[in-house]
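The values are calculated or read from the model by the stated rules, or taken from the named source; none is laboratory data. On a predicted model such as this, the values are computed, not experimentally measured, just so you know. Methodologically, a virtual Cβ is constructed for each residue, glycine included, from the backbone with ideal geometry; neighbour enumeration extends over all protein chains shown.
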Amino acid sequence: MKDSNFLKEHNARNLWHPMTHPADSLANPPQIIVGGEGVHITDVDGHRTIDAVGGLWNVNLGYSCAPVKEAITAQMDKLPYYSIFRGTSNDVVIELSQMLKDFFEPDGLSRAFFTSGGSDSMEVALRLARQYHKIRGAAGRVKYLSLKKGYHGTHTLAASVNGNANFRTQYEPMMPGCFHIPAPYTYRNPFNETDPEKLAQLCLAALEDEIAFQGAETIAAFVMEPILGAGGVIPPHPSFMPGVRDICDRHGILLIADEVITAFGRTGDWTGSRHWGVRPDMSCTAKAITNGYFPFGAVMISDAIAEVFEGDKTGKGAIASGYTYSGHPVGAAAAVACLRETERLQVKDNAAARGAQMFEGMTRLAKTHEVIGDVRGGHGLMTAIELTSNRATKAGVDKKLIATLHQVTYEHGAMVRTSGSNIILSPPLIISEDEVARIIDALDAGLAAVS
Ligand SMILES: Cc1ncc(COP(=O)(O)O)c(C=O)c1O
């Protein structure tokens, strides 16, 4: 390995970091992570911290998950690649699809379409939704509705249903036919409503209103994260997603759940949809499906949709979506091992318990740190604090404050994620009570430094 001075000096010279201004990466060199063990990461200077980000919401089983590592190595030796395009398949992807069918059975999802990640999964689901309607003779159903604040990746169709201007403005025009309704975000919303249940009803009314305005017969699908993640951890009131399901059913609109973060235990249930008692028509997964060790994803599809495609005699049901790495045998082997380990450890239960601890800890910090404007979470290991320079006006905080908070928290033992004025916490689901307590203490120190 090159020495640490070389790495620090060259980092942003020859590479552009995702979701960052290139000049910012040059001016503020990132932490260079060189090792991972359990829930800890180690940087190039040998500083070891708890990874309260969990990779990027994906390393649910931590950095030392031997079964997944061994499965990857063994598959590399046996068959490192073969395509599953028409005419060929591989043994592990068949085994994986059977396991996923069982895992997603309570969600009513049985067929898997494999991808290389979350943006791919979203893109495929959106395309399949239009195709489903075309096969059924409803070719006019081409539009998508989604939530403001939602994040669905960066492919242009998926980015067009994103609900945050940051991911849109510099890439406009976005795809036509994508419309957004307010998110059930109690801290800031156009209705000035702080009661979660009332806000859920107002957002549902806005959805009904938009459907009437667009014409239900023009809408293919409604897309939502069961708990909004990248938008700043926004758990809707429990009535919201069932309300969306009901509205979609009444208007013949498909419900696509973006479970790229929420599938596989993060919410304290095996899926975010199950957390709210909803059966979506399609569910997009990626990230923790391989514990982040291999780029992989799967769109899960309901029986009802599958029957329309499989029963088609016109040829319209032929799927013209797919990636070179769809069903990659190494990714599939990683996913088989990961799913087994995820279920063996029943990580959803720890996510629920440790998530409650984290949420309680943040609520406690909000009592002593005036800079915390809002605390969100309480549904598994998805927690956020939103910072404000003025609790009365809810004004945001400047970038320097966030950078200081991040650095001091890091020095005190926890890597956290910052996004705008939000601090987002999504550690591995195997984290212990003591480690969560250490994250809370590190943040306490970070917050004290900016108070
Ligand atoms: C809810 C959601 N959907 C889609 C994506 C895009 O996934 P990827 O970055 O793997 O393309 C993400 C990524 O964070 C996500 O959080």
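A few remarks follow.
- A single member of Ala263, Ala320 is surrounded by fewer than 18 Cβ atoms within 10 Å (Cβ to Cβ) and free of Cβ contacts under 8 Å to residues at least 60 places away in the same chain, and it is Ala320.
- The range 235-292, subset closer than 25 Å to Asn60 by Cβ and among the polar types (S, T, N, Q), residue nearest to the ligand (Cβ to nearest atom): Thr262
- Segments classed as strands (runs of 3 or more DSSP E), wholly inside the range 92-189, with at least 3 members that are crowded, with 21+ Cβ neighbours inside 10 Å and within 16 Å of the ligand (Cβ to nearest atom): 109-115, 143-147
To keep it simple, each residue is scored yes or no on (1) closer than 26 Å to Asp434 by Cα; (2) modelled with pLDDT of 95 or more; (3) in contact with a Ser or Thr (Cβ under 6 Å, 6 or more places away or on another chain); (4) in a loop (DSSP other than H, G, I, E, B).
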residue	(1), (2), (3), (4)
Asn5	no, no, no, no
Glu9	no, no, no, no
Pro30	no, no, no, yes
Gly36	yes, yes, no, no
Ile50	yes, yes, no, no
Asn60	yes, yes, no, yes
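Matching residues to (1) within 21 Å of His379 (Cβ to Cβ); (2) buried (at least 17 other Cβ atoms within 10 Å of the Cβ):
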| site | (1), (2) |
| --- | --- |
| Phe191 | no, no |
| Lys198 | yes, no |
| Glu208 | no, no |
| Ile211 | no, yes |
| Met224 | yes, yes |
| Ile227 | yes, yes |
| Ala230 | yes, yes |
| Met241 | yes, yes |
| Asp249 | no, no |
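- Condition check for Lys101: within 26 Å of Asp258 (Cβ to Cβ) and assigned by TED's automatic domain parsing to the domain that holds Ile289: yes
- Among residues of the range 70-97 that are under 13 Å from Phe296 (Cβ atoms), none has a Cβ under 6 angstrom from a residue that is surrounded by fewer than 17 Cβ atoms within 10 Å (Cβ to Cβ) and of a type in the set (D, E, K, R) at a sequence gap of 6+ or on a separate chain.
- Screening Pro67 on (1) in contact (Cβ under 8 Å) with a residue 40 or more places away in the chain; (2) within 24 Å of the chain's Cα centre (by Cα); (3) exposed (fewer than 15 other Cβ atoms within 10 Å of the Cβ) shows it passes everything except condition (3).
- Of Ala403, Ala392, Ala445, all but one fail to be of a type in the set (Gly, Ala, Ser), more than 25 Å from the chain's Cα centre (by Cα), over 29 Å from Asp269 (Cβ atoms) and part of a helix (DSSP H, G or I); the exception is Ala445.
- When Thr324, Thr342 are screened for being more than 22 Å from the chain's Cα centre (by Cα) and among the β-branched types (Val, Ile, Thr), only Thr324 passes.
- Inspection of the range 3-20 identifies no residue that is closer than 27 Å to His152 by Cβ, under 23 Å from the mean Cα position of the chain (by Cα), surrounded by 14 or more Cβ atoms within 10 Å (Cβ to Cβ) and not acidic (Asp, Glu).
- Residue match in the range 343-363 (condition: more than 16 Å from the ligand (Cβ to nearest atom), free of Cβ contacts under 8 Å to residues at least 60 places away in the same chain and β-branched (Val, Ile, Thr)): yes
- Some residue of the range 93-111 being over 16 Å from Trp270 (Cβ atoms), modelled with pLDDT of 95 or more and touching an Asp or Glu at 6+ places or on another chain (Cβ under 9 Å): yes
- Of the residues making up the range 274-298, those that are among the hydrophobic types (A, V, I, L, M, F, W, C) and more than 17 Å from Thr324 (Cβ to Cβ) are Trp276, Val278, Met282, Cys284, Ala288, Ile289.
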